[in-house]
Amino acid sequence: MKRFRKQTGLVFLCVILLFCWTSAPVAAWQGDSLELAFIRDGKLWVKQGVQERPVTADGIASWPLWSPDGRWIAFQKRERAQDDYAQLWVYDVANGRTYPVHDRVISARWSPQGSLLAFRVDSDLLVADLRAGVLKAAQQVVPGISDYTWFPDGSGFLVSSLGQLAPTGWTSSELYKVWYSPDEEAKQVRKFYSLPNPLRFLDQEYLAIGTSGFKWSEDGKWIAFIATQTASLSADANVLCLLSADGKSFKPAAEMLAYDEWFKWAPIGAKLGVIAGSGRFSLLGKRLSLFGPPFGEGQNLTPEGRADRSFAWLNEKSLLVARSAAPKSDREPLGNAFPRVMLVDAKSGSARPLSSPPVGAGDFDPQALAGGKAMSWVRWNKKRADIWVANSDGSQAKLWVEGIGEGQMYYEHWHWDSVLSWKPVP
């Protein structure tokens, strides 16, 4: 009898454990609240939740950029694909209207608060004011810049000058701090740092005549940027640089191509992820590396025989990486190296797949969404590009937007930000 009671109790316990295991909660789906601006057939579209709607009806739109406050979407528009210059427009998400901002615009960046839009026309920096919910005429801030970025608090800009060819050779780029307010005519400009001339790194010399935009570490102590060479040299090699926020410590860290999206700070602290390497072919000799204070030799995360195409920090401990096989030379068909999304541990470098593209397709441009609770990627098969979303562990992957435009491509590096922009998390 005792033996029977023991067996009965054991069976009952197993039933309870089986019930608990089978009824364990599945990760909640995070995709229904997402909002995306994207390009389809040359037109700007917006998707909010499950609803898609077109924004533009004429021209060729590109480079959508959602403002941090979610009120506006900036985008460029050309009348014809072959036009050299684009017109800058903004779309008011609240009232559904679009407004032209300026002609011949090269780049645009929102202020951290989201109501001021900075942009470059030739080498002039201008700002359009949308604080009152209406567009005011743009004001010139400073002339003669190479690139720029808003201060983290939105009080002005860090800008770089463009080096000039003099009888003695090229001058180097210089960095300036510019304090700016749309309510004040006076602007305060102060030289911050002069790049070395020449810039020496790994026993080589580089012509640092310009820079990329600037990115501050989360702790505010370091500024990362790319020192760029003249056009022909810049296509093959530039230097990633780190400058302390007080301008007293300068450290060249790695060779890399002039892609702003290839260097990103972790969301916490001062660890920098970089796709490093020289040569214009984006699949050859490129390695995802991590750098942290005191910024010596980086930690390589890319296994032998693999190429990391793009990445995003999921959190301070892990990264989302689009990883493919690496061709042995540029004589191989580079376009057949399709990536998949991997979750990579920032400490050990261990990786596991999060996406499973079908044969003949690849998953590009992984991004962390909803504060790290969700993720996205672009699935492209050489004929069509779609947006997929999933939970951050790769579960509940869903086709979310069909048929977006193909991003701009240069030697197998795809600029998918030219065709999509996610609404920032408040």
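When its C-alpha radius of gyration is set against 2.2 N^0.38 Å (N residues), region 301-426 gives a value of 1.02. With respect to the chain, whose longest principal axis is taken over its alpha-carbon atoms, helix 2-22 is tilted by about 30°.
Straight-line cross-link partners of K398 among the lysines, defined as a Cα under 18 Å from its Cα and at least 8 positions apart when in the same chain: K47, K373. Within the same chain, aspartates and glutamates fewer than 8 places from K187 are excluded, and of the rest, those with a Cα less than 17 Å from its Cα are D124, D129, D153. Here the mean projected area of the convex hull built on the C-alpha positions of the chain is 26.8 nm².
Between W179 and D83, the distance separating the two model label sites (each 7 Å from Cα on the Cα→Cβ line) works out to 3.9 nm. Distance from the C-alpha centroid of region 337-392 to that of region 99-177: 33 Å, rounded to the whole angstrom. Only aspartates and glutamates eight or more places from K347 in sequence, or on another chain, were considered; those with a Cα closer than 16 Å are E297, E316.
Past 24 Å, Cα to Cα: identify those pairs from K191/K251; K286/K383; K215/K251, in the order given. K286/K383, as the Cα separations exceed 24 Å there. Mean-square fluctuations from a GNM of the chain, with a 10 angstrom spring cutoff on Cα atoms, peak among P152, P167, P64 at P167. 3J(HN,Hα) along region 287-294: 9, 7, 10, 10, 10, x, x, x Hz, from the Karplus curve 6.51 cos²θ - 1.76 cosθ + 1.60 with θ = phi - 60°, whole Hz, x for Gly and Pro.
Backbone amide hydrogens, once placed in the peptide plane, bring S310 within less than 5 Å of A322, excluding anything fewer than 5 places away on its chain.
Any read-out appearing in this document is the output of simple, stated calculations on the displayed coordinates, not a laboratory observation. Bear in mind the structure is a predicted one, so any value in this text is a computation, not a measurement. Backbone-built Cβ (ideal geometry, glycine too); neighbour counts: all protein chains shown.
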